[in-house]
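The next block holds one structure in the form of structure tokens; read it before the comments.
The values are calculated or read from the model by the stated rules, or taken from the named source; none is laboratory data. All of these numbers come straight from a predicted model, not from anything done at the bench. Cβ: placed from backbone, ideal geometry, glycine included. Neighbour counts: every protein chain shown. These accessible areas exclude ligands, DNA and RNA; they are computed on the full protein's heavy atoms, side chains included. Shrake-Rupley method; radii C 1.70, N 1.55, O 1.52, S 1.80 Å.
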Amino acid sequence: MASGARLLSIGGSGLGLGVAATLFVALDWLLPPIAAATTAERIGLAALALLPGVAVLALMIGVQMLLRFAAGTFDPTAGTDGPALVRTQRVITNTVEQLAVFTPSMLALAAAGVPMRGVVALGIVFAVARAAFWIGYAIHPLARAPGMAATAACSLGALGWAVLAWLGLA
């Protein structure tokens, strides 16, 4: 990676981390307390908190289908996909990979009894981060850095928070 590209990637990542942290703190402060008496209610609320991210994924899939229809490239194995199709597919793949870490972490957080306001805030920030990743990737592959960093912060933050909660340290 050229030094200019590396600098852009690092700067974009820093921007993404800063925006994600600010948005999380703001949402955690602005959202009202969320009461959930039972573990089942807490896990249900965590599942609801995952829906914004899943909605972004569904939108990505819908756009991919429209792009494929508009381009007339119905066979993805033919090697005729244009750059927009390839980038959108990579965004979808990466989003599914991120959800594979984020989803169980969110459910574990809820089951561990952490404040649900933070769980809901984290779900919203994750969805915003995935949208930023998608938009950035559509602009230029290097412009995906803010969304990728923000998503990684959500996924790894949720995982770390869940581990600490289950160890009784959070």
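Structure summary
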| item | result |
| --- | --- |
| All positions within the range 111-151 that are aliphatic (A, V, I, L, M) and free of Cβ contacts under 8 Å to residues at least 40 places away in the same chain | ILE135, ILE139 |
| Qualifying residues in the range 32-91 (those that are without any contact (Cβ under 8 Å) to a residue 60 or more places away in the chain and charged (D, E, K, R)) - the one farthest from TRP134 (Cα to Cα) | GLU41 |
| Odd one out for THR73, checked against (1) closer than 22 Å to ALA158 by Cβ; (2) touching an Asp or Glu at 6+ places or on another chain (Cβ under 9 Å); (3) open to solvent by less than 50 Å² (accessible area, probe 1.4 Å) | (1) |
| Complete set of residues in the range 80-100 that are aliphatic (A, V, I, L, M) and either more than 14 Å from the chain's Cα centre (by Cα) or open to solvent by less than 30 Å² (accessible area, probe 1.4 Å) (or both) | ALA84, LEU85, VAL86, VAL91, ILE92, LEU99 |
| Members of the range 38-47 that are surrounded by 15 or more Cβ atoms within 10 Å (Cβ to Cβ) and of a type outside the set (A, V, I, L, M) | ARG42 |
| Residue in the range 25-37 that is part of a helix (DSSP H, G or I), among the small types (Gly, Ala, Ser) and open to solvent by 50 Å² or more (accessible area, probe 1.4 Å) present | no |
| Any hit, the range 162-169, residues being out of contact with any strand residue (DSSP E or B) (no Cβ under 9 Å at 6 or more places or on another chain) and surrounded by 20 or more Cβ atoms within 10 Å (Cβ to Cβ) | yes |
